[in-house]
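Contents: one structure, followed by commentary.
The values are calculated or read from the model by the stated rules, or taken from the named source; none is laboratory data. Keep in mind that what you see is a predicted model, and the values were worked out from it rather than measured. Cβ: placed from backbone, ideal geometry, glycine included. Neighbour counts: every protein chain shown.
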Amino acid sequence: MPFTTVDYPGRLAAVVFCQGCTWCCGYCHNPHLQTFGPGPWDWDRILPLLAARKNFLEAVVFSGGEPTAQAALPDAIRAARGLGYRIGLHTAGSFPDRLADVLPLVDWVGLDIKAPFDARYDRITGRERSFEAPAESLRLLLASGVPYELRTTVHPEFLAPRDLEDISRSLDALGAQPAKLQPFRSAGCARPESESP
């Protein structure tokens, strides 16, 4: 649970990394969080630390893995809010129903847009028709009015310039703000040589 100045805009935040993700993105820099199961810390250990730091930190960001894969996420968010924290969420949008449940509880969302909303998504995630969930999650996010940032990781093995143009056009058509382009970082990546999954 390190603290950060970059994971929640304008706020000093703690990041809670949630274990488990149903996708297998080739450029993931947290591959150790893809498998489901107990992590090195459990919530009963994290919550007292958040309580002890509430006069120093301003926000708690739930990241992963995929935090919305966790059924206990709403309760964890409520507990952190109860301590007075603002709540951020990093998500790939792979569970839109669960995202809908927590949108009223969060103050800011960082949503990954991995590719245009078509079969090109599958090449990154390793799952068929994976574009459907993040497309629905984006619609829910836009309708919620929650402040957000869209992010696209640019890895030349997975996204060509035309793909980035298609992402931009589709976001514009939905009335969404442009995605922030972030270059691929090999640190922590299980396949830095950029193999497809």
- Message: Go through the stretch 140-165 and report how many residues are touching a helix residue (DSSP H, G or I) at 6+ places or on another chain (Cβ under 8 Å) and either within 20 Å of Val61 (Cα to Cα) or charged (D, E, K, R) (or both).
- Response: 8
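I'd like the full set of residues that are basic (Lys, Arg) and on the phi > 0 side of the Ramachandran plot, limited to the stretch 110-136.
Once the filter is applied, which keeps residues that are basic (Lys, Arg) and on the phi > 0 side of the Ramachandran plot, the stretch 110-136 yields only Arg129.
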- Residues (free of Cβ contacts under 8 Å to residues at least 60 places away in the same chain and surrounded by fewer than 16 Cβ atoms within 10 Å (Cβ to Cβ)) located in the stretch 5-24: Thr5, Val6, Gly10, Leu12
- Task: Scan the stretch 162-180 residue by residue and report those that are assigned to a helix (DSSP H, G or I), under 20 Å from the mean Cα position of the chain (by Cα) and touching a residue at least 12 places away in the same chain (Cβ under 8 Å).
- Result: Leu164, Ile167, Ser170, Leu171
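Among Ala69, Ala52, which is among the hydrophobic types (A, V, I, L, M, F, W, C) and without any contact (Cβ under 8 Å) to a residue 12 or more places away in the chain?
Values: Ala69 fails: without any contact (Cβ under 8 Å) to a residue 12 or more places away in the chain.
Result of the check over Ala69, Ala52: Ala52.
Residue-by-condition table, conditions (1) out of contact with any helix residue (DSSP H, G or I) (no Cβ under 9 Å at 6 or more places or on another chain); (2) modelled with pLDDT under 95; (3) aliphatic (A, V, I, L, M); (4) on the phi > 0 side of the Ramachandran plot:
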position: Gly65; (1), (2), (3), (4): no, yes, no, yes
position: Ala72; (1), (2), (3), (4): no, yes, yes, no
position: Asp75; (1), (2), (3), (4): no, no, no, no
position: Gly84; (1), (2), (3), (4): yes, no, no, yes
position: Ile87; (1), (2), (3), (4): no, no, yes, no
position: Trp108; (1), (2), (3), (4): yes, no, no, no
- Task: Name the one entry in Leu140, Leu99 that is under 18 Å from Gly20 (Cβ atoms) and in contact (Cβ under 8 Å) with a residue 40 or more places away in the chain.
- Result: Leu99
